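In what follows, a structure is listed as structure tokens, so that the remarks can point back to it.
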Amino acid sequence: MTLHRPGWAGFACALLLAACQSGEAPPEQEPDNEETPPVPVETARPERGDVVAVYSGTAPIEAFAEADVIAKVAGEVREILVEEGDKVTEGQVLARLDGDRLRLELSESRAQLQKMERDFARNEELRQKDLLSEGDFEKLQFDLEALRASYNLASLELDYTQIRAPLDGVISQRFVKIGNTIKVGDPVFRVTGMDPLVAYLHVPEREFRRIAPGQPVMIAIDALGNEQVMAEVSRVGNIVDPDTGTFKVTIEISDPEQPIKPGMFGRMSIVFDKHENVLKVPRSALMEDTDGMYLFVVEDNVALRRAVETGYSAKGFVEIAAGLEEDDDVIVVGQVGLKNEASVVVINDPDAGHDDDDDGMEEAD
């Protein structure tokens, strides 16, 4: 008798038969009915306000007027009346030199002049009586005028021993000490005018048509805690430097209270255009792809993509020229990776901190 071993097929049939007899059915896969949860987002309402377009640059602030006060006569410094940092006015006496020799010369010149004036008066009587020729009388006239000029010159040189300020400003540097003997032309003080101050900004030639005299300038100065100071474009150069491709713009700063000092470093923003009462949204709300700029707004807890046209970019805000309404709720947080018509849940109050009367002017980048 021949024995036959069961194959794999027979073994599988046996297992299936056993399962059927036991009443157990193979497990079935449950259908996936879970929905995507809404995306949490934060929204904000567009704001209205003015936005200005600016050209920004940096430059040191300088004095418009500055002069070294020099000695016009030689002498010893006898008295110093001002120190560095003192305010002075034009014509104010700053120091005095030794003038003894000049005073003696002036006295001598005065005596000679007085003698000549008396002689001239006597000879004028003789001329009227035809006792003096016309030529001799004219010579006396010339001599008298020469002595008067010599007297005036001696008086002027004596006055030069009082060193005076050539302009209004402050004493920015003192070069001499009491007892120094100085020569003609030696510097004694430096006087720096404090009003107006100027800054010279070198602007690329592509901006030439935008910059014009009279435009306002906002200046932020680090030394004053970034406090903004208003100034004005006073002059625009009409020559472009071929080496740098820039033209020179002179900014004039009127500073009556004088907190700004020459040498301070300023960040200049020349305002060349202004859009008033426009819609603005936070820069973070905007996204961009090949189709252009867009953002998301929320309607009935659904995120809707909106294509928008932008204008000037301001400090943290962007002007929206078209594509958005004032009462739209714009998604400002959570929009990255968001798809059109996705379900969202707003986790903040979009009206919080919104001020419909905000007319503050923003500075465009």
Evaluate the following for A285: is it of a type in the set (G, A, S) and under 35 Å from the mean Cα position of the chain (by Cα)? yes
Quick check on segment 179-225: of everything there that is more than 30 Å from E157 (Cβ to Cβ) and of a type in the set (D, E, K, R), which residue is least open to solvent (accessible area, probe 1.4 Å)? E207
Filter the strands (runs of 3 or more DSSP E) completely within segment 267-365 down to those with at least 1 residues that are hydroxyl-bearing (S, T, Y) and modelled with pLDDT of 85 or more. 292-299, 309-314, 342-346
Look through E276, E257, E232 and report the one residue that is open to solvent by 90 Å² or more (accessible area, probe 1.4 Å), farther than 19 Å from A65 by Cβ and not aliphatic (A, V, I, L, M). E276
Would you point out the residue of segment 236-254, among those that are open to solvent by 30 Å² or more (accessible area, probe 1.4 Å) and in contact (Cβ under 8 Å) with a residue 12 or more places away in the chain, that is nearest to the chain's Cα centre (by Cα)? E252
Taking D241 as meeting all but one of (1) in contact with a Pro (Cβ under 8 Å, 6 or more places away or on another chain); (2) closer than 20 Å to V203 by Cα, write down the number of the exception. (1)
Please list, ordered by first then second residue, the pairs with beta carbon atoms under 8 Å, 6 or more apart or interchain, first in segment 143-159 and under 10 Å from L106 (Cβ atoms), second of a type in the set (V, I, T). E157/V73
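The values are calculated or read from the model by the stated rules, or taken from the named source; none is laboratory data. Keep in mind that what you see is a predicted model, and the values were worked out from it rather than measured. No Cβ is skipped: glycine too gets one built from the backbone with ideal geometry, and neighbour counts run over all protein chains shown. These accessible areas exclude ligands, DNA and RNA; they are computed on the full protein's heavy atoms, side chains included. Shrake-Rupley method; radii C 1.70, N 1.55, O 1.52, S 1.80 Å.
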